[in-house]
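What follows is one structure encoded as structure tokens, with my remarks underneath.
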């Protein structure tokens, strides 16, 4: 029971009905007015607005280390009164009976595990792991340049090999930028941010300013309908019928074939799309930095192409970008096959359960683990995004045990091809379901939209 004579007290239902402009967010039983922090929030204003009127205890813990909690006092305006579990179902806004008790029990167990991992040092950087990762990256770059610049009779073969290594260099650089986004490389926020710009924007050609904002939202509302910016690429790729609902007849006809064009779109077009988005969607405060570094990326790539014989340039360009383009398949396979939820459903499930429900792990070995850059342990990563990639495999069994104890799904694909097969099945099912939805009629004889069917 919250007793705070100096501040206001809210029930969770009262908090949900608070004026949205106040941006009231509950963390660890305290209510914080974040309206004045919107423009300065490193994760973007959208993230704060999304959780306005909600409990963000576990989302906050996922993105912030223990040292940040002291800053919350400046925003504290009161406390949350925990409502008793209601045994009779059907009351508005109330989790009831056994369901509520089960959710609270598993949340408590998850938080206990998180505290244990912090005490064990699981979130600390490893200089050795960083050195190995960077050394591998430099070796790949050296091989790329050796095959690109070497004078030989086997020009086409040599340049194509160089292009393969250059594509791998871009891919692994972007995975390092992902580490920097989560402050996992050096553990220094300012240093990791700058390194993220180097590995992401300058080397990889993907604007770190835009991508960091979008990626934070993705982690906070994973697979949430109309919330997760990474859930599909509307209007080209629509893994859920609610997304197809928004398309006109022509685009809907095209999307019917999305399972067929998924791979070529990702591999051959996805990278160019990211270049464009990086420029168009760069946040105002980061726009100049992103534009300058994107210009640097274009400049050094132009120099590399200029060093290649004219007859081999087209091949070199296509091969290098195709190899890197496979990364888009890697990025999508962790979530596309998994269920999409409404925001209310995600909140009812609780952070631990909803992250597990919406996320897919990929079985891997030593080589593929390096290639995936830690993304194969996606469930562990989504539960603990601040944890360096080298530590994620070490906690897998503990996370699986926690899931087993509380009947929470822990889904693993057999490998790269199995995961992408699941992706294409999901895309195909989304287009098939649209036909089923359109055949449904309301009481007036009008076709139900996917969103209306979902509400049913």
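Values in this text are rule-based calculations from the coordinates and carry no lab data. Predicted model, so just to flag it, every value in this text is computed and none were measured. Cβ: placed from backbone, ideal geometry, glycine included. Neighbour counts: every protein chain shown.
Laid out as a table, the results:
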{"quantity": "Relative frequency of Cα-Cα separations exceeding 17 Å in region 237-303, percent", "calculated": "60"}
{"quantity": "Size-normalised alpha-carbon gyration radius of region 8-83, reference 2.2 N^0.38 Å", "calculated": "1.00"}
{"quantity": "Helical mean residue ellipticity (222 nm; -39500 (n - 2.57) per DSSP H run of 4+; nearest 500) of the chain", "calculated": "-17000 deg cm²/dmol"}
{"quantity": "Where labels lie 7 Å past Cα in the beta-carbon direction, separation of residue 272 and residue 152 in nm", "calculated": "3.0"}
{"quantity": "Virtual paramagnetic centre 7 Å along Cα→Cβ of residue 348, amide N under 11 Å, in region 231-259", "calculated": "none"}
{"quantity": "DSSP bridge orientation in region 8-83 - percent antiparallel, rounded to nearest 5", "calculated": "60"}
{"quantity": "Calculated diffusion of region 127-254, Stokes-Einstein form, Kirkwood radius summed over Cα pairs, 10 °C and 1.306 mPa s, µm²/s", "calculated": "92"}
{"quantity": "Stokes-Einstein translational diffusion, region 219-264 - Kirkwood Rh over all Cα pairs, 0.890 mPa s, 25 °C, in µm²/s", "calculated": "221"}
{"quantity": "Point-to-point label distance, residue 428-residue 313, nm (Cα→Cβ direction, 7 Å offset)", "calculated": "4.2"}
{"quantity": "Residue 246-residue 396 pseudo-label distance in nm [points 7 Å out on the Cα-to-Cβ vector]", "calculated": "3.6"}
{"quantity": "Counting DSSP beta bridges with both ends in the chain, the antiparallel % (nearest 5)", "calculated": "50"}
{"quantity": "Segment residue 145-residue 38, extension gain: residue separation times 0.36 nm, minus the distance between their alpha carbons", "calculated": "34.0 nm"}
{"quantity": "Relative contact order (%) - region 8-83, alpha-carbon pairs under 8 angstrom, separation at least six", "calculated": "48"}
{"quantity": "Mean separation of Cα contacts under 8 Å (6+ apart) over length of the chain, as relative contact order %", "calculated": "16"}
{"quantity": "Spherically averaged projected area of region 166-221 from its Cα convex hull (nm²)", "calculated": "3.6"}
{"quantity": "Degrees separating the helix 287-307 axis from the principal Cα axis of the chain, which is the longest one", "calculated": "30"}
